[in-house]
Amino acid sequence: MDDITGNKQRPSWVYCCSNSISIPSSPSRNIDVASPEKHHQLDHLPVSDIKPAKRKPGGWKAMPFVLGNETFERMGTFGLLSNFMIFLLTQFHLEQASAANLLNIWSGITNFAPLIGAFISDAYIGRFRTIAIGSFATLIGMITLTVITWVPDLHPPSCPKSHDQVNLHPCTGPTSTQLGVLVIGLAFLSIGTGGIRPCSLPFGIDQFDPTSEDGRRGINSFFNWYYATFTVVLILALTVVVYIQDNISWVIGFGIPTLCMVGSIILFFLGTKIYVHVKPEGSVFTGIAQALVAAYKKRHARLPDDDEKDGGVESYYDPPPLKGTVSTKLPLTNQFRMINKAALVQDGDLKPDGSRSNPWRLCSIQQIEEAKCLFKIFPVWASGIVCFTAIVQQATFTISQALKMDRHLGPKFEIPPGTLIVISMITVGIWVPFYDRVVVPALRKVTGIENGITLLQRIGIGIVFSFLSMVVAGIGERMRRASALAHGGPSGVAPISVLWLAPQLSLMGFAEAFNIIGQIEFYYREFPESMSSVANSLFFITAAGANYLSSFLIMIVHRTTGGHGRPNWLANDINAGRIENFYFLIAAMGAVNLVYFLFVSQKYQYKKQLHVELSVGK
């Protein structure tokens, strides 16, 4: 597996931010991206060589409003949802499998939403309006969930005090009306996520002028502030807010995030006159659709033979990049060769001025190669679904395990189950900078690769960690269950510390650090700049696929296991079920997925690039 050469190493958390950003730049010049020393030439252009574009005032003046909006929005959404599995079990009295299914299905829809939001933003209404609509939708969703906890008629009555709060069989479940109101609230949250998540980071970058030295420095600083606030918000949501929900009041625990969202909207609109508003310029999805339609319309055309002059390139439509854009020029390839027919120039395809008569019948070489980028990345992308399926279990059955373990930390303090996810977060936070600053330089000396190892190797290591996390989770659950059955007493709580879940959560953190960050970097490098929004959305689609796969597995296991007087693996009473077998099933799928990934990664061909064309219209 060969890596792409010529890419200067940057911290991985910066890549998480910068993947979706295509920075327009300045005067016409060609840069050979195959040359390492020239790859980042754009970043070091003298200010005197750059003709700055006309931009409204923004920069750091807009940051209190942009970062404030993002911080409060994340505090609100993460504060609501980090403990949502516990809410469904203890307040809505759903069975364990039903709660996990609802959470997985909703998470899958929510993770698909940013792709739709990115399309609407790029093609029609722009980032500002998309964020505004998403913010109000999120607020409506939060108000709905807060009202559900507040109004007795909108949630089931409390369980009889004689029963353990997690043994929910004798408890009254939700009515169809109560479930309907809950689904409406979650639907508005999904709409809000679709509007905010794909646009918030690019909107922040829009406030800086990348053609000036101060603007470029501002962008780099913005990355640091963006992820610093993100980390602080996650820690607060997973500790303070979760503690309030578990130990004080669900109404207050949901009300605080809702008030945070109100503050987010107020801050966002206070900066309206300062913001730079970038107009929508069209979506790359339209170009991909045009390539496929044009190729189908010309399916009977004959492609030039490879031995013809220049491979028949003169027969294809290959206009220069538009002025005012940064475009990585992709050469014509023979991979998925049938799509090449979309760029064949036939009679009537061109107007006298050289432009296309019908974009749904003739496409440029750049368009068809962009479509090919998506198709050839698909097998690698698919491998991430099974890997992420292991990771998403920390928000469902891992919490169910924690509820039946000793969560005391000292004589008085009890760890909220939803807070345990902090362990995987801390693992990522410690490992990523150590990996970038220590491991990568050491590996670089051995391998000679700029990033220490190739991106596909990094993704593969993450798959191994996800497999190991499920094996360790299964072994840990077998130990927990045996202890609960032997010494648990009437409550069924195992007399072992909940911190025994730390190994599986740490391994999940390593899986995230390698596989997820590796995927994001991989998509960013393999897609041209015009497809950066697609690269930014693929991670969310991976998460959505994992949520749906997890839900499907839960449904199959729930229906097919057990019988003959024995409960199924995912029984509502976790001590009667066999969750360890469910973990081992995902581990087995992970082993098969690793073999599959090794096969497709060996066959993968990295994209070729000719040059970067930089131009600014006058």
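The values are calculated or read from the model by the stated rules, or taken from the named source; none is laboratory data. If you're wondering where the values come from, they're calculated on a predicted model, not measured in any experiment. As a convention, Cβ positions derive from the backbone with ideal geometry for all residues, glycine included, and neighbour counts pool all protein chains shown. The area values use the complete protein model at the heavy-atom level, side chains included, leaving out ligands, DNA and RNA. Shrake-Rupley method; radii C 1.70, N 1.55, O 1.52, S 1.80 Å.
Restricting attention to the range 239-279, which residues are assigned to a loop (DSSP other than H, G, I, E, B) and either open to solvent by 50 Å² or more (accessible area, probe 1.4 Å) or among the hydrophobic types (A, V, I, L, M, F, W, C) (or both)?
Answer for the range 239-279, where residues must be assigned to a loop (DSSP other than H, G, I, E, B) and either open to solvent by 50 Å² or more (accessible area, probe 1.4 Å) or among the hydrophobic types (A, V, I, L, M, F, W, C) (or both): Ile248, Lys273, Ile274, Val276, His277, Val278, Lys279.
Each row is one residue, and each column tells you yes or no for (1) in a helix (DSSP H, G or I); (2) free of Cβ contacts under 8 Å to residues at least 24 places away in the same chain.
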{"site": "Ser383", "(1), (2)": "yes, no"}
{"site": "Val386", "(1), (2)": "yes, no"}
{"site": "Ile391", "(1), (2)": "yes, no"}
{"site": "Ile399", "(1), (2)": "yes, no"}
{"site": "Pro411", "(1), (2)": "no, yes"}
{"site": "Gly418", "(1), (2)": "yes, no"}
{"site": "Thr427", "(1), (2)": "yes, no"}
{"site": "Val440", "(1), (2)": "yes, no"}
{"site": "Leu443", "(1), (2)": "yes, yes"}
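Please name all residue pairs, on different chains or six or more residues apart, with Cβ atoms under 6 Å, provided the first residue is in the range 476-492 and is modelled with pLDDT of 80 or more and the second residue is open to solvent by 70 Å² or more (accessible area, probe 1.4 Å) and in a helix (DSSP H, G or I).
Gly476/Trp500
Exactly one condition in (1) surrounded by fewer than 23 Cβ atoms within 10 Å (Cβ to Cβ); (2) under 27 Å from the mean Cα position of the chain (by Cα); (3) in contact (Cβ under 8 Å) with a residue 12 or more places away in the chain is not met by Thr561; state its number.
(2)
Can you tell me which residue is most open to solvent (accessible area, probe 1.4 Å) among those in the range 473-487 that are in contact with a helix residue (DSSP H, G or I) (Cβ under 9 Å, 6 or more places away or on another chain) and among the small types (Gly, Ala, Ser)?
Gly476
Can Lys376 be described as at negative phi, in a helix (DSSP H, G or I), touching a residue at least 60 places away in the same chain (Cβ under 8 Å) and among the basic types (Lys, Arg)?
yes
Just to check your reading of the model, which residue among Phe112, Phe84, Phe78, Phe128 is open to solvent by 30 Å² or more (accessible area, probe 1.4 Å) and closer than 20 Å to Val233 by Cα?
Numbers: Phe112 fails: closer than 20 Å to Val233 by Cα; Phe84 fails: open to solvent by 30 Å² or more (accessible area, probe 1.4 Å); Phe128 fails: closer than 20 Å to Val233 by Cα.
Only one candidate qualifies: Phe78.
Under the condition of being open to solvent by 70 Å² or more (accessible area, probe 1.4 Å) and part of a helix (DSSP H, G or I), which residue from the range 445-466 is farthest from Met589 (Cα to Cα)?
Restricting attention to the range 445-466, the residues satisfying the condition of being open to solvent by 70 Å² or more (accessible area, probe 1.4 Å) are 445-446, 450.
Next, from what is left, pick out any that are part of a helix (DSSP H, G or I): 445-446.
Values: Lys445: 35, Val446: 33 Å.
Filtering first and then ranking leaves Lys445.
Okay, residues lined up against (1) under 26 Å from the mean Cα position of the chain (by Cα); (2) more than 30 Å from Leu154 (Cβ to Cβ); (3) at pLDDT 75 or above:
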position	(1), (2), (3)
Tyr226	yes, yes, no
Thr229	yes, yes, no
Thr239	yes, no, yes
Ile244	no, no, yes
Val251	no, no, yes
Phe254	yes, no, yes
Leu259	yes, no, yes
Ser264	yes, no, yes
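Gly348: touching a residue at least 24 places away in the same chain (Cβ under 8 Å) and more than 19 Å from Val284 (Cα to Cα), yes or no? Let's see the steps before the verdict.
Values: touching a residue at least 24 places away in the same chain (Cβ under 8 Å): no; more than 19 Å from Val284 (Cα to Cα): yes.
Against the criterion (touching a residue at least 24 places away in the same chain (Cβ under 8 Å) and more than 19 Å from Val284 (Cα to Cα)), Gly348 does not qualify.
Among the residues of the range 109-152, count how many are modelled with pLDDT under 85 and basic (Lys, Arg).
Total satisfying the criteria: 1.
Listed here are the residues, each with its yes/no results for (1) farther than 27 Å from Leu570 by Cα; (2) among the aromatic types (Phe, Trp, Tyr); (3) under 17 Å from the mean Cα position of the chain (by Cα).
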| position | (1), (2), (3) |
| --- | --- |
| Arg361 | yes, no, no |
| Cys373 | yes, no, no |
| Gln393 | no, no, yes |
| Lys404 | no, no, no |
| Pro416 | no, no, no |
| Leu420 | no, no, no |
| Phe434 | yes, yes, no |
| Ile449 | yes, no, no |
| Ile461 | yes, no, no |
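Please state which of the following conditions Trp106 fails to meet, knowing it meets all the rest: (1) at pLDDT 80 or above; (2) more than 20 Å from the chain's Cα centre (by Cα); (3) closer than 16 Å to Gly194 by Cβ.
(2)
Look at the range 336-385 and say how many of its residues are surrounded by 22 or more Cβ atoms within 10 Å (Cβ to Cβ) and among the acidic types (Asp, Glu).
So the count comes out to 2.
Let me confirm something: among Ala591, Ala571, Ala513, Ala502, which residue is aliphatic (A, V, I, L, M), crowded, with 19+ Cβ neighbours inside 10 Å and in a helix (DSSP H, G or I)?
Of Ala591, Ala571, Ala513, Ala502, the one residue that is aliphatic (A, V, I, L, M), crowded, with 19+ Cβ neighbours inside 10 Å and in a helix (DSSP H, G or I) is Ala513.
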